[in-house]
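Asker: Have a look at the structure that comes next, please.
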Amino acid sequence: PGVVDARYSRSQRVGFGLAPDLNLVTRNYGQQFIATPALGPASRQTQDQIGIYLQDQAKFGDFILTLNGRHDWVFQDNFATPDSAVSRQDNSAFTGRVGLGYVLAPGLVPYASYATTFTPQVGLDRNGQAFKPATGDQIEAGVKYLIPGTNIQAAFAGFDINQSSILVPDATNIAFQTAAGAVRSKGFEAEATANIAPGTNLTIAYTHVDIRFVNSTSFAGESLNGNRVSGIPSDTYASFLTYAFPPSSPLRGLQIGGGIRFIGTSFADDQNTVRNTAVTLYDALVAYDFAALDPKYRGFRAQINAYNIFDRNYTTCSFGFCNYNQPATVIGSLIYRW
């Protein structure tokens with residue numbers, strides 16, 4: 001059993017005005033001057049979420065049954081303008097998951113599961129009202145395999161996910177969104193982790209997903225049913241290799257690593273007429289375990305993660321908007337685990 005508590009607050013001001021046409025093929029936005037529009041009044045929103053959950057796992061012979069349930073309560077206070085009366089929206093829902101696995105052979109476990117989802121969505125629509133939560137259900141089946149006598153573990157899973165009340169551009173005012181969309185996601189994912197040598201670990205993951213609109217229209221009022229959702233790549237690949245220097249080394253306690261992320265093409269618009277290009281990014285890791293200096297420091301770790309280390313400049317367009325993606329980023333952490 002457990003309890004989850006989360007709080008979110010936001011404030012915003014929105015401006016809307018005419019701008020020159022954007023050519024998604026030549027991406028001429030870098031050479032255009034767009035005047036800053038006048039901003040409207042500020043709006044505020046606070047959201048509190050409380051959830052309780054319970055999970056149990058039982059084994060009957062070679063069968064493994066997993067059951068969990070969760071009930072969430074969400075409380076939202078919304079102010080469309082600084083002097084407006086508060087608008088209150090409360091939601092609650094029960095979600096659950098049931099999974100069944102079977103030990104087919106040592107380390108080999110095929111499984112299947114069914115789950116329901118409930119996701120509060122922050123933000124306000126054009127009327128200053130909070131969005132209703134997104135809901136969905138998921139069917140998943142796959143297999144997990146720990147190769148006997150090795151430190152190699154692999155997993156493969158196929159999934160079919162339905163989601164409703166997702167945010168899409170408001171047809172009456174594209175500066176806002178509305179919780180009126182529905183999508184279906186089908187695909188599979190594969191992952192493998194291996195200790196390929198002392199201190200050397202490798203992780204490889206690949207995902208293929210096909211996300212299409214089920215019951216949605218564009219801001220122009222045209223049906224998007226059957227179209228792919230823009231901005232979401234069909235294929236992604238990631239691998240990461242780390243090496244920890246052995247205790248006998250002068251560099252004991254030091255860990256280094258590097259990885260590759262491939263983000264495949266995706267549609268730049270929901271009408272599926274233009275594509276975003278694929279991109280390959282590189283990441284790096286340097287970490288130090290202070291226990292190598294003295295056992296009394298066990299649990300202390302310093303870590304530096306670097307993402308997109310070659311500062312690849314790329315954009316992703318979706319839902320009628322284009323955004324620059326994460327530039328070269330370095331994050332330092334001091335971690336203590338007990």
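The values are calculated or read from the model by the stated rules, or taken from the named source; none is laboratory data. Small disclaimer: the values here were computed from a predicted structure and weren't measured. Cβ placement follows ideal geometry from the backbone for every residue including glycine, while neighbour counts extend to all protein chains displayed.
Asker: Could you grab me the full set of residues in segment 144-186 that are at positive phi and either in a strand (DSSP E or B) or touching a Cys at 6+ places or on another chain (Cβ under 9 Å) (or both)? Let's see the steps before the verdict.
Answerer: Going residue by residue through segment 144-186, those that are at positive phi are 149, 165.
If the condition is that a residue be at positive phi and either in a strand (DSSP E or B) or touching a Cys at 6+ places or on another chain (Cβ under 9 Å) (or both), then Ser165 is the only one that fits.
Asker: Of these, Phe290, Phe300, Phe267, which one is out of contact with any Pro (no Cβ under 6 Å at 6 or more places or on another chain), farther than 30 Å from Pro250 by Cα and not charged (D, E, K, R)?
Answerer: On the way: Phe290 fails: farther than 30 Å from Pro250 by Cα; Phe300 fails: farther than 30 Å from Pro250 by Cα.
Of the residues listed, the single one that is out of contact with any Pro (no Cβ under 6 Å at 6 or more places or on another chain), farther than 30 Å from Pro250 by Cα and not charged (D, E, K, R) is Phe267.
Asker: Considering only strands (runs of 3 or more DSSP E) fully contained in segment 272-338, which possess at least 1 residues that are among the charged types (D, E, K, R) and more than 30 Å from Ala175 (Cα to Cα)?
Answerer: On the way: elements: 279-289, 300-307, 315-318, 321-324, 329-336.
It comes to 279-289, 300-307.
Asker: With the checklist (1) more than 19 Å from the chain's Cα centre (by Cα); (2) exposed (fewer than 15 other Cβ atoms within 10 Å of the Cβ); (3) closer than 23 Å to Tyr206 by Cα; (4) at pLDDT below 95 in hand, flag the one item Phe310 doesn't pass.
Answerer: (4)
Asker: Continuing with the same structure: I'm trying to understand the selection: among the residues of segment 194-224, which are in a strand (DSSP E or B), of a type in the set (Val, Ile, Thr) and in contact with a Lys or Arg (Cβ under 8 Å, 6 or more places away or on another chain)?
Answerer: Going through segment 194-224, the residues in a strand (DSSP E or B) turn out to be 194-197, 200-213, 217, 223.
Restricting the remaining residues to those that are of a type in the set (Val, Ile, Thr) gives 196, 200, 203-204, 207, 209, 211, 217.
Residues satisfying the conditions are Val209, Ile211.
Asker: Taking only pairs six or more apart or across chains, which ones have beta-carbon atoms under 8 Å, a first residue in segment 116-134 that is in contact (Cβ under 8 Å) with a residue 40 or more places away in the chain, and a second residue that is among the basic types (Lys, Arg) and surrounded by fewer than 18 Cβ atoms within 10 Å (Cβ to Cβ)?
Answerer: Listed pairs, sorted by first residue: Gln121/Lys132; Val122/Arg10; Gly123/Arg10.
Asker: Say we look at segment 27-79 and pick out the residues that are small (Gly, Ala, Ser) and not in a strand (DSSP E or B); which of these is modelled with the lowest pLDDT?
Answerer: As a first pass, look at segment 27-79 and keep what is small (Gly, Ala, Ser): 30, 35, 38, 40, 42-43, 51, 58, 61, 69.
Next, only the ones that are not in a strand (DSSP E or B) stay: 30, 35, 38, 40, 42, 61.
On the way: Gly30: 57, Ala35: 77, Ala38: 83, Gly40: 75, Ala42: 77, Gly61: 92.
The qualifying residue modelled with the lowest pLDDT is Gly30.
Asker: Could I ask something else about it? Looking at segment 133-169, which of the residues that are surrounded by 17 or more Cβ atoms within 10 Å (Cβ to Cβ) and at pLDDT below 90 is farthest from Asp48 (Cα to Cα)?
Answerer: Pro169
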